[in-house]
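What follows is a short report on a single structure.
The values are calculated or read from the model by the stated rules, or taken from the named source; none is laboratory data. Keep in mind the model is a prediction, meaning the values are calculated, not measured. Every residue, glycine among them, receives a Cβ derived from its backbone with ideal geometry; neighbour counts consider all protein chains shown. Side chains included, ligands, DNA and RNA excluded: accessible areas come from the protein's heavy atoms. Shrake-Rupley method; radii C 1.70, N 1.55, O 1.52, S 1.80 Å.
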Amino acid sequence: ETGVTQSPTHLIKTRGQQVTLRCSSQSGHNTVSWYQQALGQGPQFIFQYYREEENGRGNFPPRFSGLQFPNYSSELNVNALELDDSALYLCASSLRGGANTGELFFGEGSRLTVL
Amino acid sequence: AQRVTQPEKLLSVFKGAPVELKCNYSYSGSPELFWYVQYSRQRLQLLLRHISRESIKGFTADLNKGETSFHLKKPFAQEEDSAMYYCALVNQAGTALIFGKGTTLSVSS
């Protein structure tokens, strides 16, 4: 069984640039969620994708956008990067609904530094 | 408002001592609560969920609706329990987990 994989693991961008982070979900999982984890904080929900559509969104501006592909992999795009976007971005996959609600399988994260 | 509060940033105990990691929540209705753990150099993973009422690695957590708490307990801490622990709550829409800020547990011999 393949776990959640994310790429890249680390990247450095400058303010105003755009970034794309990628995630492959765990085998058999149809739902992908993205979280932002700032230093010293718990993960904060950005959005969730199910069947290639956004299925829920946290308190993040529209410059945070995403995609889910037919194979359930996903991308997180952030435009017009700001210094405060520096964080660890976590992808998590799950089976939507039922007894698995709340059981997320996390990747190791992509650490973004914005200079 | 939906919120999870973990009041302790760091909890240091000696091996063999009891452990209690505190978690309080704010939620309308019946909450679904979880504890997640992150060991050094490992990814965040589910430890236990209140629905299952299970004991994992000797840890238990009881939902107390009166006190709106879901504290994580272990009677005898082991060094391998040292990790970051997050309490989490499923949001009202059922689409996301709301995490606390986490508590670092340090167990020394």
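A few remarks follow.
- The range A:61-77: number of residues that are surrounded by fewer than 16 Cβ atoms within 10 Å (Cβ to Cβ) and out of contact with any Leu (no Cβ under 9 Å at 6 or more places or on another chain): 5
- Residue match in the range B:26-47 (condition: open to solvent by 10 Å² or more (accessible area, probe 1.4 Å), facing chain A (nearest Cβ under 9 Å) and touching an Asp or Glu at 6+ places or on another chain (Cβ under 8 Å)): yes
- If you go through the range A:1-31 and pick out every residue that is in contact with a strand residue (DSSP E or B) (Cβ under 6 Å, 6 or more places away or on another chain) and at pLDDT below 95, you end up with 4.
- Residues that are assigned to a loop (DSSP other than H, G, I, E, B), within 24 Å of A:GLU82 (Cβ to Cβ), under 14 Å from the mean Cα position of the chain (by Cα) and not small (Gly, Ala, Ser) within the range A:9-58 comprise A:THR9, A:PRO43, listed in sequence order.
- Of the residues A:GLY66, A:GLY28, A:GLY56, A:GLY16, the single one that is within 24 Å of B:CYS87 (Cα to Cα) and either in contact with an Asp or Glu (Cβ under 8 Å, 6 or more places away or on another chain) or not aromatic (Phe, Trp, Tyr) (or both) is A:GLY56.
- Every residue from the range B:83-108 that is open to solvent by 20 Å² or more (accessible area, probe 1.4 Å), modelled with pLDDT of 95 or more and more than 13 Å from the chain's Cα centre (by Cα): B:SER106, B:SER108
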